[in-house]
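Novice: Encoded as structure tokens, here's the structure I'll be asking about.
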Amino acid sequence: MITYQKKLIKPKTMRSLSFAIITFILSLPFITFAQGDRIESLRGKWLFQLGDNKDYAKPDYDDSDWEVVYVPSTWQKEGFYNYSGYAWYRTTFELDNDINTNSLFLKLGRIDDSDEVYLNGKYIGGMGGFPPDYFTAFNVQRSYYIPEEYLSQNGRNTIAVRVFDEGGVGGITNGFIGIYQENAGTENSISLVGNWKFQLFDNMDYAERNFNDSDWDNIVVPSTWEHQGFSEYDGFAWYRKKFTISTNKELKDMILLLGKIDDMDQVYINGYKVGETGDIERKWAKDGEWDKYRIYYIPNGLLEPGKQNTIAVRVYDQEQRGGIYQGPVAIIPRTEYKAFWKQYYKYHENGFANWIMSWQY
């Protein structure tokens with residue numbers, strides 16, 4: 001596997017300072033987050049198992065001999081005194097047939113310390129770091145997008161949550177647990193959240209509109225690529241997404257929002273470069289490039305209604321986490337810019353919390 005030599009540019013002093021800021025701000029009693037519209041509560045009894053086994057994520061795994069715990073609650077309150085380390089949770093849910101499944105999120109409240117979440121065996125998100133690169137996300141509200149294609153066709157869905165606790169209390173500790181409908185866009189916005197195609201290394205042919213990416217990996221956006229099976233990789237990688245826009249949408253003065261990308265990027269729509277952040281050939285992040293929102297204007301006429309359009313994103317990651325790690329990820333009209341952000345922060349529970357976590361490496 002190719003890696004690149006580099007110096008550490010996110011110093012320990014900054015991380016220590018940011019952690020102090022995080023601890024202080026998140027301890028303030030007046031900070032709350034909007035919950036969206038809950039369509040399925042997941043509070044109550046879950047199955048629980050100490051230890052670590054990736055087979056626990058499989059929907060057909062036999063968990064009939066697992067313990068029963070209440071969620072949300074700490075491990076200690078559920079009788080698992082003095083335990084630190086790995087544990088897994090599992091539960092199932094069914095959705096009504098009339099539910100619109102293209103804008104669903106799983107909210108799991110706060111998890112102490114780190115988590116990976118699977119729906120029907122497919123990874124949908126995680127926060128914090130697992131050993132040997134452990135770091136805590138104990139006080140961050142979890143909110144993970146559910147790709148529509150990951151939902152079971154027979155209606156029964158399995159959620160599996162892998163948790164690592166470094167010490168003290170552990171587990172899914174508190175919060176509003178459930179499946180939520182979040183209509184965080186505006187009238188003419190186009191959501192790009194969900195599954196994208198993903199390929200390591202670098203090839204400028206990947207920017208072409210009609211490049212065949214059918215054999216690429218699938219990856220959830222937004223989320224770091226470390227949490228999706230590429231934990232040892234630093235360097236170049238590409239994202240691609242194909243989408244069709246309704247013919248009744250007016251595509252004038254449109255803006256592409258790509259959230260935050262670690263570290264540098266170049267972005268192409270239908271083979272045309274629409275923007276970049278940082279000098280990607282420099283292979284050296286500076287000036288907080290990993291913490292800047294990507295907001296790129298799309299030239300009029302570039303998007304084609306009724307046809308398949310392609311976004312290709314070239315990314316260079318210098319160190320630690322990498323990729324399109326935070327939203328919003330959407331195309332919006334310039335005239336709806338203010339309204340979109342207002343709606344986004346109203347419905348997206350992690351809007352402020354993710355800003356805080358972007359300081360912590």
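Computed from the coordinates by the stated procedures, all read-outs in this text should not be read as laboratory data. What you are looking at is a predicted structure, and each value in this text was computed from that prediction instead of being measured. Using ideal geometry, Cβ is built from the backbone for each residue, glycine included, and neighbour counts are taken over all protein chains shown.
Novice: I'd like the Karplus ³J(HN,Hα) series for the stretch 68-73: coefficients 6.51, -1.76, 1.60, θ = phi - 60°, whole numbers in Hz, and an x wherever there's a Gly or Pro.
Specialist: With coefficients 6.51, -1.76 and 1.60, one gets 10, 10, 9, 10, x, 5 Hz.
Novice: Return the long-range amide H neighbours of Gly275 (sequence gap of 5 or more, or a different chain), with a cut-off of under 5 Å between placed amide H atoms.
Specialist: HN-HN under 5 Å from Gly275: Val267.
Novice: Still on this model: Can you return the lysines within cross-link range of Lys197? Criterion is Cα-Cα under 21 Å, with same-chain partners fewer than 8 residues away left out.
Specialist: Lys122, Lys241, Lys242, Lys260, Lys273, Lys307
Novice: At what distance in nm do the modelled label points of Asn300 and Arg156 sit from each other, each positioned 7 Å from its Cα along Cα→Cβ?
Specialist: Placing both labels 7 Å along Cα→Cβ, they lie 5.5 nm apart.
Novice: Taking the alpha carbon gyration tensor of the stretch 36-181, what are the square roots of 5 times its eigenvalues, largest first, to the nearest whole Å?
Specialist: Semi-axes from the Cα gyration tensor: 24, 16, 14 Å.
Novice: 5 Å is the cut-off here: which amide hydrogens, built 1.01 Å from N in the peptide plane, fall below it relative to Phe176, excluding neighbours closer than 5 in sequence?
Specialist: Amide H neighbours of Phe176: Gly109.
Novice: A further question on this structure: Can you pull the Kirkwood radius for the chain, inverse mean 1/r over Cα pairs, to one decimal in Å?
Specialist: Mean inverse Cα-Cα distance, inverted, gives 21.3 Å.
Novice: Out of residues 5 or more away from Glu182 or on other chains, whose amide H comes under 5 Å of its own, with H placed 1.01 Å from N in the peptide plane?
Specialist: Here Phe105 satisfy the definition.
Novice: So what J values fall out for the stretch 77-85 if you push phi through Karplus, 6.51 cos²θ - 1.76 cosθ + 1.60 with θ = phi - 60°, rounded to Hz, Gly and Pro as x?
Specialist: Along the stretch 77-85, the couplings run 5, 8, x, 9, 5, 6, 8, 9, x Hz.
Novice: Return the distance in nm (one decimal) between the two label points of a simple spin-label model at Ser41 and Asn210, each offset 7 Å from Cα along Cα→Cβ.
Specialist: In this crude spin-label approximation the distance works out to 5.5 nm.
Novice: Let me ask something else about it. What's the magnitude of the charge dipole for the stretch 75-205 around its Cα centre, counting Lys and Arg as +1 and Asp and Glu as -1 at the beta-carbon? Answer in Debye, nearest 20.
Specialist: Using only the charged Cβ atoms, the result is roughly 320 debye.
Novice: Something else: Sort out for me the Cα centre separation of the stretch 289-327 from the stretch 63-82, rounded to whole Å.
Specialist: 41
Novice: Mind sorting Trp225, Trp66 by how few other Cβ atoms lie within 10 Å of their own Cβ, fewest first?
Specialist: Going from least to most buried by this count: Trp66, Trp225.
Novice: FRET efficiency for Tyr345 and Asn218, Cβ-Cβ distance as r, R0 = 25 Å, nearest 0.05?
Specialist: With a Förster radius of 25 Å, E is 0.30.
Novice: How much of the pair distance distribution for the stretch 190-357 lies past 25 Å, counting alpha-carbon pairs only, in percent?
Specialist: Of all Cα-Cα distances in the stretch 190-357, 28 percent exceed 25 Å.
Novice: Could you state the orientation-averaged shadow area of the convex hull built on the Cα atoms of the stretch 114-154, in nm² to one decimal?
Specialist: Its average projected convex-hull area is 3.4 nm².
Novice: Please check the chain for the longest run free of GluC sites (Glu not before Pro) that are loop-located per DSSP (anything but H, G, I, E, B) and have at most 12 other Cβ atoms within 10 Å.
Specialist: Maximal segment without exposed cleavage sites: 1-186.
Novice: Relative to the present Cα-Cα distance, how much length would full extension add between Tyr293 and Ser64 at 0.36 nm per residue of separation?
Specialist: 77.9 nm
Novice: Output the relative contact order of the chain, whole-number percent, from Cα pairs under 8 angstrom with separation of 6+ residues.
Specialist: Here the relative contact order equals 20 percent.
Novice: How are the alpha carbon pair distances in the stretch 158-206 distributed across 5 Å bins from zero to the largest one, expressed in percent?
Specialist: Pair shares across the bins are 4, 9, 12, 12, 14, 14, 15, 12, 6, 2, 0.
Novice: Another question, then. Can you pull the one-decimal nm distance between simple spin-label points at Leu200 and Tyr272, each 7 Å off the Cα toward Cβ?
Specialist: The modelled label-to-label distance comes out at 3.5 nm.
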